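Here is the structure we will look at, set down as structure tokens.
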Amino acid sequence: MFTIPSPLIKLNDLLFDEAGIELFIKRDDLIHPQISGNKWRKLKFNFLEAEKLNKRTIVTFGGAYSNHIYATAAAGKLFGYKTIGIIRGEEQIILNPTLNFATECGMELIYLSREEYKNKEINIDKTILKYSLNDFYIISEGGSNALGVKGCAEIVNEIDIPFNYICCPCGTGTTLAGLVSDLNNSQTAIGFSALKGGDFLVDDVKTLLSDYYKHERKESSRNSNFNLQTDYHFGGYAKSNEVLFDFIRTFEKRHSILIEQVYTAKMFFGIYELIKIGYFKKGETIIALHTGGVQGRDGKI
Ligand SMILES: *Cc1c(COP(=O)(O)O)cnc(C)c1O
């Protein structure tokens, strides 16, 4: 496995000075060009577990534009595993860039109808048997399991300055759960839902945390020092508009850091809004986790 460069960088903006806060960005997007950000964090212990169990095939799930499928394919190639991606929806004759990349990494794609996909975890044996596979290690959709949480828990420990808040975008809530598990009493995590109606994520995060504590046989039960912001989804998962694109252009020009429209831009937009409404107190330090995904940046930006 490789060692990861994920520096902590201070962002400068008049808005932060006026609010009397400091904002740092944790650059997980720099971890690896293809296995970027939180995807690497969530895959790390899953790949190590597959190795321990002597499984040479990794099976996982995702939509046709999934960063998780993309990263799993790249990691499989890098570490010498066969990978199988179970993809939601009709077979694509002309592959989109995500699935094309996955295939080029050697990932085998199996398509399930939206109906079949709903029970994908239950039907896994049937699906796999149909393709006469064996000796496989299954990673849940989005890397959302106890070992995924464990990988994300390592992020907090790498931050060597005192801080009050740590922010991340949320899809499954696995990254948020990892952050929450390693905070101290005076620190709070804030998740920004990339999906519409993301309130269900609160329960998902708690379930992921209890799975993780159980798995690690940890006494700790820290599971409420976080909150979820659900107003910055821009219409729903993978939805965006010109307001968001404008925000991205301004942000990138000012800070020379690329962000993308599905996750990271929605978080930064939300952070800026919270700063504007005085959510953070003078003297507070906020960390924003750049979860990567920049390969999926919309060409129209
Ligand atoms: C997958 C992804 C997320 C969502 O992470 P969860 O752990 O599923 O909440 C956030 N940001 C980026 C860039 C991603 O690719």
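For segment 22-74, which positions are open to solvent by 10 Å² or more (accessible area, probe 1.4 Å) and within 30 Å of Gly278 (Cα to Cα)?
Listed by number, the residues that qualify are Glu22, Phe24, Arg27, Asp29, Asn38.
Mind counting the residues in segment 207-217 that are surrounded by 12 or more Cβ atoms within 10 Å (Cβ to Cβ) and in a loop (DSSP other than H, G, I, E, B)?
Summing the residues that are surrounded by 12 or more Cβ atoms within 10 Å (Cβ to Cβ) and in a loop (DSSP other than H, G, I, E, B) in segment 207-217 gives 1.
Where the second residue is within 16 Å of the ligand (Cβ to nearest atom) and open to solvent by less than 10 Å² (accessible area, probe 1.4 Å) and the first is among the basic types (Lys, Arg) and lies in segment 13-29, which pairs have Cβ atoms under 6 Å and are six or more apart or on separate chains?
Partner pairs satisfying both residue conditions: Lys26/Ile287; Lys26/Leu289; Arg27/His290.
Look through Glu154, Glu141, Glu158, Glu121 and report the one residue that is closer than 14 Å to Phe61 by Cβ, open to solvent by 50 Å² or more (accessible area, probe 1.4 Å) and either assigned by TED's automatic domain parsing to the domain that holds Arg27 or within 14 Å of the chain's Cα centre (by Cα) (or both).
Result of the check over Glu154, Glu141, Glu158, Glu121: Glu141.
Out of segment 74-86, which residues are within 16 Å of the ligand (Cβ to nearest atom) and free of Cβ contacts under 8 Å to residues at least 40 places away in the same chain?
Hit for segment 74-86 is Gly85, nothing else.
Name the residue that is farthest from Ile286 (Cα to Cα), counting only residues in segment 1-57 that are among the hydroxyl-bearing types (Ser, Thr, Tyr) and in contact with a strand residue (DSSP E or B) (Cβ under 6 Å, 6 or more places away or on another chain).
Thr57
On the given criteria, is Ile259 in a loop (DSSP other than H, G, I, E, B), away from the ligand (no atom under 14 Å from the Cβ), β-branched (Val, Ile, Thr) and outside the structural domain of Thr72 (by TED's automatic domain parsing)?
no
Residues are listed down the side, and each one gets a yes or a no for (1) more than 10 Å from the ligand (Cβ to nearest atom); (2) without any contact (Cβ under 8 Å) to a residue 24 or more places away in the chain; (3) aromatic (Phe, Trp, Tyr); (4) touching a His at 6+ places or on another chain (Cβ under 7 Å):
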{"residue": "Ser144", "(1), (2), (3), (4)": "no, no, no, no"}
{"residue": "Ile161", "(1), (2), (3), (4)": "yes, no, no, no"}
{"residue": "Leu176", "(1), (2), (3), (4)": "no, no, no, no"}
{"residue": "Val180", "(1), (2), (3), (4)": "yes, no, no, no"}
{"residue": "Thr188", "(1), (2), (3), (4)": "yes, no, no, no"}
{"residue": "Phe192", "(1), (2), (3), (4)": "no, no, yes, no"}
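Answer with yes or no whether Phe234 is aromatic (Phe, Trp, Tyr), open to solvent by less than 70 Å² (accessible area, probe 1.4 Å) and at negative phi.
no
Under the condition of being among the aromatic types (Phe, Trp, Tyr) and within 15 Å of the chain's Cα centre (by Cα), which residue from segment 46-73 is farthest from the ligand (Cβ to nearest atom)?
Within segment 46-73, the match that is farthest from the ligand (Cβ to nearest atom) is Phe61.
I need a count of the residues in segment 194-206 that are open to solvent by 70 Å² or more (accessible area, probe 1.4 Å) and either touching a residue at least 24 places away in the same chain (Cβ under 8 Å) or away from the ligand (no atom under 13 Å from the Cβ) (or both).
So the count comes out to 4.
The values are calculated or read from the model by the stated rules, or taken from the named source; none is laboratory data. These numbers come from a predicted model, not from an experiment. Because the Cβ atoms are built from the backbone with ideal geometry, glycine has one as well, and the counts that use them run over all protein chains shown. With ligands, DNA and RNA removed, areas are computed over all heavy atoms of the protein, side chains included. Shrake-Rupley method; radii C 1.70, N 1.55, O 1.52, S 1.80 Å.
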